[in-house]
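J.: One structure is given below, represented as structure tokens, and several questions about it will come after.
Values in this text are rule-based calculations from the coordinates and carry no lab data. In this text the structure is predicted, and so the values were computed from the model without any measurement. Every residue, glycine as well, gets a Cβ built from its backbone with ideal geometry; the counts of neighbours run over all protein chains shown.
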Amino acid sequence: MTALDVRTASTQIFNALRDTLSLAFEKRYPTAADIAALRAVDASSIPDRGLLFVESEGVVYRWSQASTLPDLAPYCIAPTVAVTDLGNGRWLAQSSTVTYGPNQYRPLHRERTGYYNTVQAWQGADEDALERIRAQKPALLIKWLEDEGDLKGYAHGTIYQTEYHFLLHVIAANMRDDESAILGSTVAQDEGETPSPALLRMIGDLRYLLSGSQLGLEPGVMFVDASGKAAIVDEDYAQRLFAAEMEIIVRGSVQIVDEDLEANPEVWIERMDTGTIQSESFDPRNYVAAGYRFAPQSGLTAAPSAGAAYIGAQLVTSVPAPVTLPDNSDTFRDLLPSGQLVYSARPIDRINDHEPPVAAGAMRIGVTRTESGNIVTDFYLGNYRVRSGANPSDPFKV
């Protein structure tokens, strides 16, 4: 089996555990109908790591306040109105191999609802900080406790079977003067749009989700043991607030790689479409990496898609302006190192003529055909390597 790297395993497992619990149980902000509606959301009121379900895509998006990734629908979405002067902040499509319990039809990134107001890392806090967290009840806190390894390799210090111990701190509340915070309310109006179960059901949900899960880190993580003791650790009768803790164990394996023998023990795959000039060898210094294409449409005025390319091994990116193409022609486009596109046309009734010369200092990247007032086809010319029908799981590890 492929083990995790001993240097990063603890962090990797912690993040995977937090993301799994968040996708399964954290509340979603009001649903967006489609990508356009998602762009229009006022993200300034959304906390970092907030979740929102998009109907047209059927998946959850997570708000990342610090992200400056390029806008690339439907995977990475920039809001219409920037939340900071720097323009950072992106909605990132979520993708998870973890399911809601043993049910292959419920991948976590397709869950529409959740009931915790916050799911966050916690390494202890003073009373004031804990009160601020309690104010967001119901809440789920995740605390790393310890880890230990058992040597399994023939050579000392090569591979270990490991146990990572975490503490889940669950906070529940219900203002009714009865057992509602523990057992659940019998009053439907208490539940609101997103039902918030009581403390005992929250513990049960955690066991259901995590027992046997590999947190999306298989085969390095063998399984999660959620059979640990759960107990109430705090009771605030004045606020009708109860907190319980449950310990879980993530069992896996880590290795210390002999790096002079194996530079990278993992294989990742990203699907790409690649083409070259007349079947010549691919030139990694000069090629189109994304975009710079026209989509077929009615009418002759359009803008190529935003693109990225390498010219002389230097990255070139730009958002081309709209252009009106000549009708009944093959229009060739050349890319300058400045990111500007230069167009030159040849009538389609002169297809046997030579192509127009390439603009000075530019790289020829494509050709577009127009007929009867419409853009009908578009092709790359020269070297290109672009993502091929990829989904949010690319690149994926094998």
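J.: Treating the angle as unsigned and between 0 and 90°, give the value, to the nearest 10°, between the Cα long axis of helix 9-25 and the longest Cα principal axis of the chain.
T.: 80 degrees
J.: Can you tell me, using C-alpha contacts under 8 Å and at least 6 residues apart, the relative contact order of region 28-104 as a whole percent?
T.: Answer for region 28-104 is 28 percent.
J.: Can you work out the FRET efficiency for the pair Ile277 and Ile348, with r the C-beta to C-beta distance and R0 = 22 Å, to the nearest 0.05?
T.: Once the sixth-power term is evaluated, E becomes 0.50.
J.: Can you run phi through the Karplus equation (6.51, -1.76, 1.60; θ = phi - 60°) for region 111-116 and list ³J(HN,Hα) in whole Hz, with x for Gly and Pro?
T.: 6, 8, 9, x, 10, 7
J.: Along region 67-73, what does the Karplus equation 6.51 cos²θ - 1.76 cosθ + 1.60 (θ = phi - 60°) give for ³J(HN,Hα), rounded to whole Hz, x for Gly and Pro?
T.: 5, 10, 4, x, 5, 9, 5
J.: Bin all alpha-carbon pair distances of region 282-398 at 5 Å intervals from 0 and give each bin's fraction as a whole percent.
T.: Answer for region 282-398: a P(r) of 2, 12, 21, 22, 18, 14, 7, 3, 2, 1 percent.
J.: Let me ask something else about it. What list do you get for Ser388, Ser305, Ser329 if you sort them by fewest beta carbons within 10 Å?
T.: Lowest count first: Ser388, Ser305, Ser329.
J.: On to the next question. Determine the calculated [θ] at 222 nm for the chain from helices alone, applying -39500 (n - 2.57) to every DSSP H run no shorter than 4 residues and normalising by the residue count; nearest 500 deg cm²/dmol.
T.: -3500 deg cm²/dmol
J.: If I take R0 = 56 Å and measure r between the Cβ atoms of Asp128 and Glu218 in this structure, what FRET efficiency does the formula 1/(1 + (r/R0)^6) give, to the nearest 0.05?
T.: 0.90
J.: Continuing with the same structure: Please grab the % of Cα pairs in region 1-137 that end up more than 18 Å from each other.
T.: 61 percent
J.: Right, another one. Under a Cβ-only charge scheme (Lys and Arg +1, Asp and Glu -1), can you give me the dipole magnitude of region 30-167 about the Cα centre, in debye to the nearest 20?
T.: In debye, rounded to 20, region 30-167 gives about 440.
J.: Give me the percent of DSSP beta bridges within the chain that run antiparallel, rounded to the nearest 5.
T.: In the chain, approximately 90 percent of DSSP beta bridges are antiparallel ones.
J.: Under 10 Å, Cα contacts only: if you run a Gaussian network model on the chain, which one of Trp268, Trp91, Trp63 comes out with the highest mean-square fluctuation?
T.: For the chain, modelled as a Gaussian network with Cα springs under 10 Å, the answer is Trp268.
J.: Any chance you could count the Lys pairs in the chain whose alpha carbons are under 29 Å apart, treating pairs 8 or more apart or on different chains as valid?
T.: 9
J.: Quick check on the exposure proxy: order His165, His109 from fewest to most C-beta atoms within 10 angstrom. Intermediate values should be presented prior to the final figure.
T.: Details: His165 16, His109 22.
Fewest-to-most Cβ neighbours within 10 Å comes out as His165, His109.
J.: What residue among Arg39, Arg112, Arg350 shows peak mean-square fluctuation when the chain is described by a Gaussian network model with Cα springs under 10 Å?
T.: Taking springs between Cα atoms under 10 Å, the residue moving most is Arg350.
J.: Mind checking which of Ala244, Ala43, Ala306 has the largest fluctuation in a GNM of the chain, springs on alpha carbons under 10 Å?
T.: Ala306
J.: Report D for the chain in µm² per second (integer): Stokes-Einstein, Kirkwood Rh on Cα pairs, 25 °C, 0.890 mPa s.
T.: Value of D from the Cα-based Kirkwood radius: 98 µm²/s.
J.: Going by amide H atoms built from the backbone, whose H comes under 5 Å of the H on Val59, apart from near neighbours?
T.: The list, which skips near neighbours in sequence, is Val54.
J.: Now for a different question. How many angstrom lie between the Cα centre of region 51-111 and the Cα centre of region 281-305?
T.: Centre-to-centre distance over Cα atoms comes out at 26 Å.
J.: Rank these for me by crowding, Lys152, Lys137, Lys229, going from fewest to most other beta carbons within 10 Å.
T.: So the residues, fewest neighbours to most, are Lys229, Lys152, Lys137.
J.: Calculated FRET efficiency, Val323 and Tyr29, Cβ-Cβ r, R0 45 Å, to nearest 0.05?
T.: That gives a FRET efficiency of 0.70.
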